[in-house]
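Scroll down for the structure; my scribbles are underneath it.
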Amino acid sequence: MADDHQPDLLRSGFGDYLSRRKGEILEQWLISVQSDPNLRIADTLTEPLLKDHIPDLLEAFADFLRSGDPATRDDTRQTASLHGAQRWGQGYSIKELMLEIYRLRKVMFQEVVNFAAGQPGELSVLSAACGFVDAFLNDLECRSVERFAEESESGLRKSNAARLGLIRTVSHELRNMLNSVGFAIMRLEGAEPEEMESVRGILERNSTHMKEVLDDLLDLSMVLSRQTSVKLAAFEPSVLLNLVDLGYRHLAETKGLRFGASIKPSLDSIFSDELKIRQITENLVSNAIKYTPAGEVHVSFEDLGPEWWAIVVQDTGVGIAKEDREHIFSEFYQVKSESPLRGSGLGLAIVTGLVDLLNGSIHLESELNNGSVFKVLLPRIRTAQSDNHAGQAQSGAG
């Protein structure tokens, strides 16, 4: 990162200077990024999310200049790599990532000029400090862009594999429905009036089911291909829960079910994609009502501490057998059941995709004929690395 032949005094002095000026450097960089018309994505992030690993990188760089310890340099490179992964998760393009590093470069070189000004041998100091900063920023750019590209390639491979699987399964599903429609049409010829009602019912059910499959398929394909953007903003979860309550309480009570909705008062604010969280909640609540013939459906928003919260949907419905639980979140998977109810087989796959987009995790507890509990763990502030710790939140939540 820096030339080991440079005088230790100059290096350590520049390191001390950068450490003292870190706050001002960050402030100038934030202003530069937020005023750049080509970095509009910065407007969608809170200041802590926008800063991301930059404060740690600046401090690690200053530490390296003061100590010359190679381990500090390795830490800096690892942090730069995490920064690239974070920006990919936040929806940056690779152009935007490089542009924000360019903005940091401009601010840092101005600091070099300020540091060298008035010192003995000003030009030599300026040249040496420029070399330190240039090597640091080249490392930052190289490591973060490399990790960004790796994350992007991995996401593309997963998306392509999922898309091929969808093509196969949806073709099979639609063919079955069309065969049923064709059979019903054949029965229309010479059918008696009472038989016409039966045929009409077949046509209506299959028409409704095909529309449901195609609508859900569109939602799922957008989630899997990441064509749906994550729109981050602060919102009150209590307001969202009230909307879910208003939308589904009547549906449950019409079916003769008790319906409950509750939230911990301490869960007063979330920074995430409100629309996607509502879609997750409504999908789970709708499923619970559909597969609960009697009893109760309850949805709650739980506070799991300063970093995590949970959506919990409980029901007293038909439950899920042990052999079905590991497949329940797969596309088009439907449990073996005597129930006449049939969905698209995509609802829980859509939920899983949305939860993944928001860096959360989903967990299921269920027994056949004894109801189900779906728990979705989500970060209170959505970041690219939150999913690495979802298991810790689960264990902490009990």
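Quick note: the coordinates plus some simple rules give every number you see, no bench work behind them. Small disclaimer: the values here were computed from a predicted structure and weren't measured. Reconstructed Cβ throughout: ideal geometry from the backbone, glycine too, with neighbour counts over all protein chains shown.
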HN-Hα J in Hz across region 241-251 - Karplus 6.51, -1.76, 1.60, θ = phi - 60°, x for Gly and Pro: 5, 4, 5, 5, 4, 4, x, 10, 4, 4, 4
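Kindly put Leu354, Leu45 in sequence by how many other C-beta atoms sit within 10 Å of each C-beta, fewest to most.
Leu45, Leu354
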Residues Asp74 and Leu99, FRET efficiency given R0 of 22 Å [Cβ-Cβ distance, rounded to 0.05]: 0.25
Length-normalised contact order for region 8-156 - Cα pairs under 8 Å, 6+ apart - percent: 30 percent
Mean Cβ neighbour count within 10 Å, used as a protection proxy, ranking 313-320, 264-271 highest first: 313-320, 264-271
Förster radius 41 Å - calculated FRET efficiency between Gln34 and Leu9 (Cβ-Cβ, nearest 0.05): 0.65
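How much space per residue, in cubic angstrom, does the convex hull of the C-alpha atoms of region 43-151 take up? Walk me through the intermediate numbers first.
On the way: hull volume 10.9 nm³, N = 109.
Output value, Cα hull per residue: 100 Å³.
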Residues Leu30, Leu284 arranged by fewest to most Cβ contacts within 10 Å: Leu30, Leu284
Cβ-based net charge around Phe271, under 9 Å, with every Lys or Arg adding one and every Asp or Glu removing one: +2
Peptide ranges 288-295, 246-253 listed from the most packed, as the mean C-beta count within 10 angstrom indicates: 288-295, 246-253
Nearest-0.05 FRET efficiency for Ser266 and Ala234, computed from C-beta distance (R0 22 Å): 0.90
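Say the cut-off is 29 Å between C-alpha atoms; which of Lys231/Lys264; Lys290/Lys322; Lys106/Lys276 go over it? Before the final figure, lay out each step's value.
On the way: Lys231/Lys264 25 Å; Lys290/Lys322 20 Å; Lys106/Lys276 37 Å.
The answer is Lys106/Lys276.
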Gain upon complete extension [Val199, Val113; 0.36 nm per residue less C-alpha separation]: 22.7 nm
